[in-house]
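I have placed the structure first, in the form of structure tokens, so that the comments after it can refer back to it.
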Amino acid sequence: MAEIITSLQNTKIKNIIKLEKTAERKAQNLTKIEGLREFFIALEAGIEVKTVFICSEIIDEKSKTKIEKSIHNSNIIYITKAVFEKVAYRENSDGIIGLVTPKELKFSQIKLSANPLIIILESVEKPGNLGAILRTADAAKVDAVIICDPKTDTYNPNTIRSSVGCVFANQVVVCTTDEAIVWLRKNNIRSYAAALTSKQHYHQMNLSGSVAFVMGTEALGLSEKWLKGADEQIKIPMAGKIDSLNVSTSCAILVFEAMRQRGFNH
């Protein structure tokens, strides 16, 4: 008989709330997914699903049936609407919360295309920006997103939400700046550091070959290590009073210029 939880005092329900904290997610090697679209993207990407909490009063029948056919019965727990609304991190979560094991890739596991397009982020701080960049990466089908010396959890619930689950669809590697530079050189990928000090505009560069765009934080930009270690520095022309754009917006501009130069074939 299927398990149905009706109390907020249930230990499994309390654990869902615990997983909102980064330290707890790392300790348990679990992260929380809310929303059908996010959940199915993770499932398609082969993410290991530990537990699925379903609210039959909210979820649509078609999706519920699909999940029940995809996940072993022992990993599905049903919860009441009152319980679901207390533990859901955001509104409009479609009546589903999944607990999954994050996928941690190493450089040796990355599969590169014949003409790689890479996004590199240094010391990214805001989960929302990271999520937006991962969404761009999916839209452009970039080969990989490399996160150097991060200051936020890759699988933060806000990252999952703002990426619409694309954090699971992309090849993501977390590493140090030194490791990333060595890997780029080993794979003959030319790096372009986005820097306000550059005199070269991005659209004037040949971005049709193997390319990695390196983005820093909005507050501090890139470290000296990247400014010296990258093959080129580039910038986006700014005609107004401010000198920079949100990092996720800048990333999208650069990535899709590379896509344009490739004839949108990647």
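A few points about this structure:
- Structural descriptor for the range 33-91: relative contact order 42 percent, calculated from alpha carbon pairs under 8 angstrom and at least 6 residues apart.
- Beta bridges by DSSP in the chain, antiparallel share as percent, to the nearest 5: 30 percent
- Listed residue pairs exceeding 27 Å between alpha carbons, taken from Lys199/Lys225; Lys151/Lys199; Lys86/Lys141: Lys151/Lys199; Lys86/Lys141
- Under 5 Å from the amide H of Ser191 lie the amide H atoms of Ala212, Asp231, Glu232, each residue being 5 or more positions distant or on a separate chain, with H modelled from the backbone and absent for Pro and chain starts.
- Summarised in one figure, the compactness ratio Rg/Rh of the chain, Cα atoms and Kirkwood Rh, is 1.03.
- Only Lys, Arg, Asp and Glu carry charge here, each on its Cβ (+1 for the first two, -1 for the last two); on that basis the range 107-261 has a dipole of about 280 debye about its Cα centre.
- Given charges at Cβ of Lys, Arg, Asp, Glu: the chain dipole, positive-most of Gln233, Ser123, Ile54: Gln233
- Highest average first, the peptides 161-172, 179-190 ordered by how many other beta carbon atoms sit within 10 Å of their residues are 161-172, 179-190.
- Using C-alpha pairs under 8 Å with a sequence gap of at least 6, the mean separation divided by the residue count of the chain gives a relative contact order of 18 percent.
- The sum of -39500 (n - 2.57) across all DSSP H runs of n ≥ 4, divided by the residue count of the chain, sets its helix-only mean residue ellipticity at 222 nm to -10000 deg cm²/dmol.
- Under 19 Å from the Cα of Lys69 - lysines, other chains or at least 8 residues apart: Lys50
We did not get these values from a lab; they are worked out from the coordinates using the rules stated. Every value quoted in this text rests on a predicted model; they were computed, and no experiment measured them. A quick note on method: Cβ atoms are made from the backbone with ideal geometry, for glycine too, and the neighbour counts reach across all protein chains shown.
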